[in-house]
Amino acid sequence: MTQLFTLSPRYRLDDELPWLEGIDPSRHYWINVNGDSAVTVAIPGLTVASLSEFKQAVRQMRSLQPGEQMTLVRAANICKIHCISSNCYAIAAVINQAPVWHLFDQETLESLLRTAHPDWQCASRDIDLGRKLLAQSFQQLVA
């Protein structure tokens with residue numbers, strides 16, 4: 001039996017490797033794990049109904065202290081942001097049945113959260129990412 005080996009990829013806006021594939025219309029962050037386009041995950045992002053809710057969420061993220069977490073509740077799933085240190089945040093995910101924490105600096109995470117702004121529109125090429133996620137959901141078995 002093999003042991004699970006958990007990776008903690010860290011992403012910054014100035015990374016040499018292109019880790020962000022895109023952000024679809026439903027605010028899923030499509031990330032190439034460690035810059036590897038063969039391993040891409042769609043992490044559910046922040047969605048809000050109003051500008052005041054958007055501001056509140058960004059303020060909440062900025063006020064997180066080490067050890068605290070923030071939960072992003074979505075219709076179909078949730079996403080937890082963990083504050084590791086003053087400039088290190090983690091978003092948990094599962095890749096190949098292994099738990100992984102994707103690490104972000106504050107500037108990068110805040111940039112991702114800003115896509116929840118009510119006026120934000122995704123790039124036209126990222127619309128296909130949303131279609132890809134929808135197609136994946138149709139392939140899942142339902143009990």
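The values are calculated or read from the model by the stated rules, or taken from the named source; none is laboratory data. Quick caveat, the model's predicted, so the values are computed rather than measured. So basically every Cβ, Gly included, is an ideal-geometry build from the backbone, and we count neighbours across all protein chains shown. Ligands, DNA and RNA are excluded from the accessible area calculation, which covers all protein heavy atoms including side chains. Shrake-Rupley method; radii C 1.70, N 1.55, O 1.52, S 1.80 Å.
Here are the numbers:
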read-out: Filter pass, residue 46 being in a strand (DSSP E or B), in contact with a Ser or Thr (Cβ under 9 Å, 6 or more places away or on another chain) and within 18 Å of residue 111 (Cα to Cα); value: no
read-out: Test: residue in segment 57-77 that is among the acidic types (Asp, Glu) and out of contact with any Cys (no Cβ under 6 Å at 6 or more places or on another chain); value: no
read-out: Pick from segment 93-129, criterion at pLDDT below 85, more than 11 Å from the chain's Cα centre (by Cα) and of a type in the set (A, V, I, L, M, F, W, C), ranking: surrounded by the most Cβ atoms within 10 Å (Cβ to Cβ); value: 129
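Residues checked against (1) in a strand (DSSP E or B); (2) open to solvent by less than 30 Å² (accessible area, probe 1.4 Å):
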{"position": "56", "(1), (2)": "no, no"}
{"position": "79", "(1), (2)": "yes, yes"}
{"position": "82", "(1), (2)": "yes, no"}
{"position": "91", "(1), (2)": "yes, yes"}
